Amino acid sequence: KVTYAVMIEGCCRNRNVEKAYELYTQMKLQGIRPTVYNVNSLIQGFLKAGLWEKATKLFDEAVECGIANVFTYNNLIYWLCKVGKVNEACSVWEKMTNKGVTPSVVSYNNLILGHCRKGNMDVVSGLFSEMLERGLKANVVTYSIMIDGYFKKGETERALNMFDQMVGLGTSPSDFTFNTVLNGLCKVGRTSEARDMLKKFIEKGFTPICMTYNSIIDGFIKENAIDSALAVYREMCESGVSPNVVTYTSLIDGFCKSDNIDLALKMRNEMRSKGLELDVTAYSVLIDGFCKRRDMESARELFDELFEVGLSPNAIVYNSMISGFRNLSNMEAALALHKKMIDEGIPCDLGTYTTLIDGLLKEGKLLKASDLYGEMLGKGIVPDVITYTVLVHGLCNKGQLENARKVLDEMDKKDTAPN
RNA sequence: GACCCAACGAUGAUU
């Protein structure tokens, strides 16, 4: 039985779920009762392999025969939260408590994470107090998740309070926590503060990693403080931390957005000279840079290069290109790209349609624009304020006041506030 | 005894 357990686990780790499942059935055939451990590792294996159906089937079986434990439930709750199905995660949670399985700190952490990603911070604080009331002690992961959640929601003070609370209650922050706090400060435009804090953290024994510097570099980039960003980049290299593709992407993006395409390209070369290859995001930054400069020829070259190196552009890359052609009023090229997206099976998103509709309306091609709007709605894509603004503006400019009125009414029905 | 959780980069309108 031990042998089977070890083998099943090993197969799951090696992403060989098929083999693991084979062993599992073989074991059952030999009359050996599978343990929770076996089932748990199998479920996890299925989840990692994206075999959602098989995972839930096994999970339901485990629940039915009553061998499911906290770990079993946590596993599923985690994956549901990760893919944004927080409501389903909640029903698994209910099932768990109904079966008399007591949630652990990890259970709470998983659910809190799910709600943080959705931005439901009020639910999060409810769960947090519930957890404490039940006599569970929040751990460093709980705090880190919540700190990150508050920062991402823009509730900086709350985030910093959580950090103080954690320290005050005697939970030592981990390197993970430090990175979360630093990144959070950078994201809300307090990068210099983060840089100073980094020094203090280092004194407390924190070892910065590439990601730490990346957060600070990107923060300065977003504040348009390119020189500070470069200073941190040098500091990073000097302290022996190797920059990665994310570091360079931030810097390249900074140069592009401050209209310094030459320096951006220089950075790309520096990156390559260190043996790093561009990924899709890195390409997208450069492509967008050229598109914004209305240099569609260079953008196109990079777009082609992307294919040549064996990558395939995602919707973001296409959207940049489409937006670039739209700016040049070349809707023919823009629409050709839209067609290519569909041919290649790249899902168009709200941005794709908004840009296309914007361009078409500006050209006076109202029919084509409305076709695309219909196509978008047909795919279940819901318009947002920006889309509505595009429609109202475009229609008004073409004297279609009636239709613009209709759009405003539609907004009203959907409770979207005009800006 | 072994299984579960957290952190970094890119795209759309108006101004």
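Does A:MET321 meet the test of being on the phi < 0 side of the Ramachandran plot, of a type in the set (A, V, I, L, M, F, W, C) and more than 13 Å from RNA strand B (Cβ to nearest atom)?
In short, no.
Going by the structure shown, is A:ASP279 modelled with pLDDT of 95 or more, surrounded by fewer than 20 Cβ atoms within 10 Å (Cβ to Cβ) and away from RNA strand B (no atom under 13 Å from the Cβ)?
no
Return yes when A:THR180 is among the hydroxyl-bearing types (Ser, Thr, Tyr) and at pLDDT 95 or above and no when it is not.
yes
Go through (1) in a helix (DSSP H, G or I); (2) more than 8 Å from RNA strand B (Cβ to nearest atom); (3) within 16 Å of the chain's Cα centre (by Cα) and name the single condition A:TYR108 misses.
Failing condition for A:TYR108: (3).
Condition check: in a helix (DSSP H, G or I), closer than 29 Å to A:LYS257 by Cβ and near RNA strand B (Cβ under 8 Å from one of its atoms). Does A:ASP148 satisfy that?
When the stated conditions are applied, A:ASP148 passes them.
Going by what's in this entry, would A:ARG300 be described as more than 11 Å from RNA strand B (Cβ to nearest atom) and under 15 Å from A:LYS340 (Cβ atoms)?
Spelling it out, A:ARG300 is indeed more than 11 Å from RNA strand B (Cβ to nearest atom) and under 15 Å from A:LYS340 (Cβ atoms).
If you go through region A:379-387 one residue at a time, do you hit one that is surrounded by 12 or more Cβ atoms within 10 Å (Cβ to Cβ), touching a helix residue (DSSP H, G or I) at 6+ places or on another chain (Cβ under 9 Å), under 13 Å from A:THR355 (Cα atoms) and of a type in the set (Val, Ile, Thr)?
yes
Taking A:TRP93 as meeting all but one of (1) among the aromatic types (Phe, Trp, Tyr); (2) in contact (Cβ under 8 Å) with a residue 24 or more places away in the chain; (3) under 27 Å from A:SER129 (Cβ atoms), write down the number of the exception.
(2)
Out of region A:166-180, which residues are more than 9 Å from RNA strand B (Cβ to nearest atom), part of a helix (DSSP H, G or I) and more than 21 Å from A:ASN110 (Cβ to Cβ)?
A:VAL167, A:GLY168
I'd like to know if region A:55-74 contains one or more residues that are assigned to a helix (DSSP H, G or I), more than 29 Å from A:VAL123 (Cα to Cα), more than 15 Å from RNA strand B (Cβ to nearest atom) and within 29 Å of the chain's Cα centre (by Cα).
Yes, because at least one residue in region A:55-74 is assigned to a helix (DSSP H, G or I), more than 29 Å from A:VAL123 (Cα to Cα), more than 15 Å from RNA strand B (Cβ to nearest atom) and within 29 Å of the chain's Cα centre (by Cα).
Give the residues of region A:1-54 that are modelled with pLDDT of 85 or more, more than 15 Å from RNA strand B (Cβ to nearest atom) and among the charged types (D, E, K, R), sorted by residue number.
Passing the criteria: A:GLU53, A:LYS54.
Residues to consider are A:LYS153, A:LYS200, A:LYS137, A:LYS204; find the one that is modelled with pLDDT under 95, away from RNA strand B (no atom under 12 Å from the Cβ) and either surrounded by 15 or more Cβ atoms within 10 Å (Cβ to Cβ) or of a type in the set (Ser, Thr, Tyr) (or both).
Testing whether each residue is modelled with pLDDT under 95, away from RNA strand B (no atom under 12 Å from the Cβ) and either surrounded by 15 or more Cβ atoms within 10 Å (Cβ to Cβ) or of a type in the set (Ser, Thr, Tyr) (or both) leaves just A:LYS153.
Hey, which of the helices (runs of 4 or more DSSP H) in region A:237-321, taking only ones fully inside, have at least 1 residues that are more than 26 Å from A:THR352 (Cβ to Cβ)?
Ranges flagged: A:245-257, A:261-273.
Answer yes or no as to whether A:ASN327 is under 25 Å from A:HIS393 (Cα atoms), surrounded by 13 or more Cβ atoms within 10 Å (Cβ to Cβ) and in contact with a Gly (Cβ under 7 Å, 6 or more places away or on another chain).
no
Has region A:368-382 got at least one residue that is under 28 Å from the mean Cα position of the chain (by Cα), among the aromatic types (Phe, Trp, Tyr), more than 25 Å from A:GLU332 (Cβ to Cβ) and within 15 Å of RNA strand B (Cβ to nearest atom)?
No, because not a single residue in region A:368-382 is under 28 Å from the mean Cα position of the chain (by Cα), among the aromatic types (Phe, Trp, Tyr), more than 25 Å from A:GLU332 (Cβ to Cβ) and within 15 Å of RNA strand B (Cβ to nearest atom).
Pull out all pairs, ordered by first then second residue, where Cβ-Cβ is under 6 Å, the residues are six or more apart or on different chains, the first lies in region A:105-130 and is of a type outside the set (Asp, Glu), and the second is near RNA strand B (Cβ under 8 Å from one of its atoms) and not in a helix (DSSP H, G or I).
Sorted first by the residue in region A:105-130, then by its partner, the pairs are A:VAL105/A:ASN139.
Could you please find all residues in region A:394-418 being more than 18 Å from A:GLY374 (Cα to Cα), within 15 Å of RNA strand B (Cβ to nearest atom) and assigned to a helix (DSSP H, G or I)?
A:CYS396, A:ASN397
The values are calculated or read from the model by the stated rules, or taken from the named source; none is laboratory data. Everything numeric in this text was worked out from a predicted model, so none of it was measured. All Cβ positions, even for glycine, are placed from backbone atoms using ideal geometry, and neighbour counts span all protein chains on display.
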